[in-house]
Amino acid sequence: MTSLSAAGPYKGVFPVAPTVFDADGRLDLDGQKRCIDFMIDAGSHGLCILANFSEQFVLADDERDRVMTTVLEHVAGRVPVIVTTTHFATHICAERSKRAQEAGAAMVMVMPPYHGATFRVPEPSVYAFYKAVSDAIDIPIMVQDAPVAGTPLSVPFLAKMAQEIENLAYFKIEVPQAANKLRALIEAGGESIVGPWDGEEAITLLADLDAGATGAMTGGGFPDGIREIIDPYVAGDREAALDAYQRWLPLINYENRQAGFATAKILMQEGGVIKHDTLRAPLPPVHPATRAGLLELARRLDPLVLRWGK
């Protein structure tokens with residue numbers, strides 16, 4: 001039972017924007033704005049901010065608010081923006097989500113409550129958590145089903161929440177065998193599953209699209225490349241989608257398995273989008289050989305990111 005924004009349902013490519021830092025690891029809000037402009041120019045249907053791939057776990061609460069306000073004001077409605085509002089405490093997550101809605105977020109993305117490897121809560125508490133968040137807002141909630149939470153979210157449980165909790169209607173599935181889970185979730189939840197989405201940098205994108213995924217939340221470095229896969233797929237041109245997936249998959253794989261959330265920053269710095277590809281300490285910098293391997297693959301594909309700022 002879902003009340004959705006008139007602008008929805010949201011579909012397509014919604015990459016995660018990195019949080020941009022200067023050489024000293026401080027927020028670079030001018031760089032953040034350039035990052036956002038590039039991602040929109042590269043064909044993003046929408047954006048997600050303050051996610052794990054945004055290094056949200058290294059940000060202070062006031063910095064989260066500054067990034068959110070800066071991005072939403074700068075986007076100014078050009079594309080919908082999903083704001084990640086995850087927190088272990090129910091009332092804090094609800095308050096974050098309400099602030100995001102008031103600032104102009106189109107949706108919030110929330111992981112189930114967890115802390116570290118073992119601090120988790122049982123299913124009834126997870127249900128109550130999401131219901132409290134939903135009760136605080138009027139925009140859709142995306143459940144982020146990711147292994148990092150260590151919280152098993154079964155298909156029957158997700159379907160139950162979708163059917164019973166108002167606003168809870170989108171699902172970013174990042175667990176192993178994501179396509180099987182997406183397919184089962186769509187079957188179990190029916191019309192309540194408004195947005196079954198692919199995650200994990202599009203490493204399983206084609207299988208997930210075949211399973212019924214309607215959105216993809218990827219890294220932020222090459223939305224144009226992901227569009228080359230999704231656009232023909234949606235248009236019914238499977239051969240073109242397969243060709244594009246085969247072409248872009250080595251770079252997707254390199255991001256997923258080698259450079260991780262540094263990928264978008266490295267590509268953006270190389271292309272003049274941002275000045276620094278700093279990861280905030282204690283995260284170590286990417287090894288020069290890994291950086292070189294990433295750029296070598298990227299140059300063969302000529303994504304907009306390598307040309308946008310030059």
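The values are calculated or read from the model by the stated rules, or taken from the named source; none is laboratory data. Quantities reported herein were computed from a predicted structural model and do not represent experimental measurements. So basically every Cβ, Gly included, is an ideal-geometry build from the backbone, and we count neighbours across all protein chains shown.
Within the stretch 87-112, the set of residues being over 17 Å from D138 (Cα atoms), crowded, with 22+ Cβ neighbours inside 10 Å and of a type outside the set (A, V, I, L, M) comprises just one member, P112. Put simply, of F38, F57, F88 the only residue that is closer than 21 Å to L267 by Cα and either modelled with pLDDT under 95 or of a type outside the set (K, R) (or both) is F38.
Within the stretch 258-310, the set of residues being acidic (D, E) and buried (at least 16 other Cβ atoms within 10 Å of the Cβ) comprises E270, D277. Do we have any residue at all in the stretch 139-147 that's acidic (D, E) and crowded, with 17+ Cβ neighbours inside 10 Å? Yes, some residue in the stretch 139-147 is acidic (D, E) and crowded, with 17+ Cβ neighbours inside 10 Å.
Considering only residues that are among the hydroxyl-bearing types (S, T, Y) and within 21 Å of V143 (Cα to Cα), which ones fall in the stretch 43-69? Explain how you work it out, then say what you get.
Kept after step one, since they are among the hydroxyl-bearing types (S, T, Y), are these residues of the stretch 43-69: 44, 54, 69.
S44, S54, listed by residue number.
Residues of the stretch 77-131 that are in contact with a His (Cβ under 7 Å, 6 or more places away or on another chain) and hydrophobic (A, V, I, L, M, F, W, C): V79, F88, C93.
Could you please give the count of residues in the stretch 300-310 that are assigned to a helix (DSSP H, G or I) and more than 24 Å from the chain's Cα centre (by Cα)?
Within the stretch 300-310, the first condition is being assigned to a helix (DSSP H, G or I), and the residues that meet it are 300-301, 304-306.
Applying the additional criterion that residues be more than 24 Å from the chain's Cα centre (by Cα) yields 300.
Counting residues in the stretch 300-310 that are assigned to a helix (DSSP H, G or I) and more than 24 Å from the chain's Cα centre (by Cα) gives 1.
Table: residues versus (1) in a loop (DSSP other than H, G, I, E, B); (2) closer than 25 Å to I226 by Cβ; (3) of a type in the set (G, A, S).
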| position | (1), (2), (3) |
| --- | --- |
| A23 | yes, no, yes |
| G31 | no, yes, yes |
| R34 | no, yes, no |
| D37 | no, yes, no |
| I40 | no, yes, no |
| G43 | yes, yes, yes |
| C48 | no, yes, no |
| D62 | no, no, no |
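When you look at L294, is it over 21 Å from D37 (Cβ atoms) and of a type in the set (A, V, I, L, M), yes or no? Judged against the criteria, L294 is a match.
Rundown of residues vs (1) among the hydroxyl-bearing types (S, T, Y); (2) touching a residue at least 60 places away in the same chain (Cβ under 8 Å), yes/no style:
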site	(1), (2)
I186	no, no
G190	no, no
V194	no, yes
D198	no, no
L206	no, no
T218	yes, yes
P223	no, yes
I230	no, yes
A241	no, no
